[in-house]
Amino acid sequence: MGIRCFVLDDEPLATDLMQDYISRLPDLELVGISNSPTQGLQLLQQLQAEVIFLDIQMPRLTGFDLLRPLGYRPKVIFTTAFREYALDSYEFDVVDFLVKPISFERFLQSVGKIYRFSPSNATQQEQAQVAPVAREYQYFKVDKEMVKIFLDDIFWVESLKDYVKLHTRSGALVSYLRISYLEEKLPHDRFIRIHKSFIISLDHIQAISANYVRIGNEEIPIGRNYKAGLDKILQNSH
């Protein structure tokens, strides 16, 4: 039995394309297709598909609206024509984010990620022993592109009012979003806000004083209102 897949998109041409792609791979089993988000929600609750190829912008229910009441956490591959949804998608168990038009080669890349996270011939314990840990990443809008940035490459984030500057291993990037929004999206076990203008990576802290955190050669100030939260994190890490 292959990996059980479901396709949901309000455009019949899009579901036909995904059906064709899935049919070419013997390790995938298509258990359902729907062009209606409300019908798709009902079918998914019944079928409990392991993987959903899911459009985002649909009438009445968006892909995000559909996932929240679903009742279980499938692997999700978003299929959409709108790049700006990429960042919002990461509150879910997202395997990949495909931007239409979707080529078969790009589809295969997503399937490769499904195999990595859903092994069919090994137990979860065996997987943990032999498989490399997947690096977490998010997409950030930089100029006119959605740029993939691995979270372990981020040193700290600096607020520039309506923008943020991401200080990373490969240099600084500026993205159009507010620091408060990014604070919610970044994993709280790896990043913490220590100032109204700064979020830091806990992994890259090299030293801490009463007034600043040092990362590399930079001293990042600790805001008075954020010091208690940082102290709590540090105490729990002992």
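The numbers here are math on the coordinates, done by the rules we state, and not lab data. Since the structure is predicted, the reported quantities are computational estimates derived from the model, not experimental observations. Neighbour counts run over all protein chains shown; Cβ positions are idealised from the backbone, glycine included.
Table for the structure above
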| read-out | value |
| --- | --- |
| Hits among lysines - C-alpha to C-alpha of residue 100 under 21 Å, sequence gap 8 or more where chains match | 75, 113, 141, 144, 148 |
| Alpha-carbon centroid distance for the pair the range 17-81 / the range 151-203, whole angstrom | 32 Å |
| Modelled FRET efficiency - R0 22 Å, residue 46 with residue 19, Cβ distances, 0.05 increments | 0.70 |
